[in-house]
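The values are calculated or read from the model by the stated rules, or taken from the named source; none is laboratory data. Since this is a predicted model, take the numbers as computed values, not measurements. Cβ coordinates were reconstructed from backbone atoms using ideal geometry, including for glycine residues, and neighbour counts include every protein chain displayed.
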């Protein structure tokens, strides 16, 4: 009888796992988190984790800007009178 091994990924990712998934440094993940560029992590005590499904969906949608980042980008392109 042949048994197939099934690999189940944990639903939460560590900072290093997010970095590996994005193929970037851990410091870059920290920066992206600080500027709200990636889905927000959750905190479990002193541990910081990301929901795998949120990171995967974010990547599949083309790594879009967060609402906060988009608002900042829009406000930086207008002058004091609100004109572009």
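Data table
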{"quantity": "Neighbours by Cβ (under 9 Å, 6+ apart or cross-chain): first from segment 1-30, over 17 Å from residue 43 (Cα atoms); second part of a loop (DSSP other than H, G, I, E, B) and at pLDDT below 95", "calculated": "22/63"}
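Matching residues to (1) exposed (fewer than 15 other Cβ atoms within 10 Å of the Cβ); (2) at pLDDT 70 or above; (3) assigned to a loop (DSSP other than H, G, I, E, B); (4) out of contact with any strand residue (DSSP E or B) (no Cβ under 7 Å at 6 or more places or on another chain):
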| residue | (1), (2), (3), (4) |
| --- | --- |
| 7 | yes, yes, yes, yes |
| 17 | no, yes, no, yes |
| 20 | yes, yes, no, yes |
| 30 | yes, yes, no, yes |
| 70 | yes, no, no, yes |
| 84 | yes, no, yes, yes |
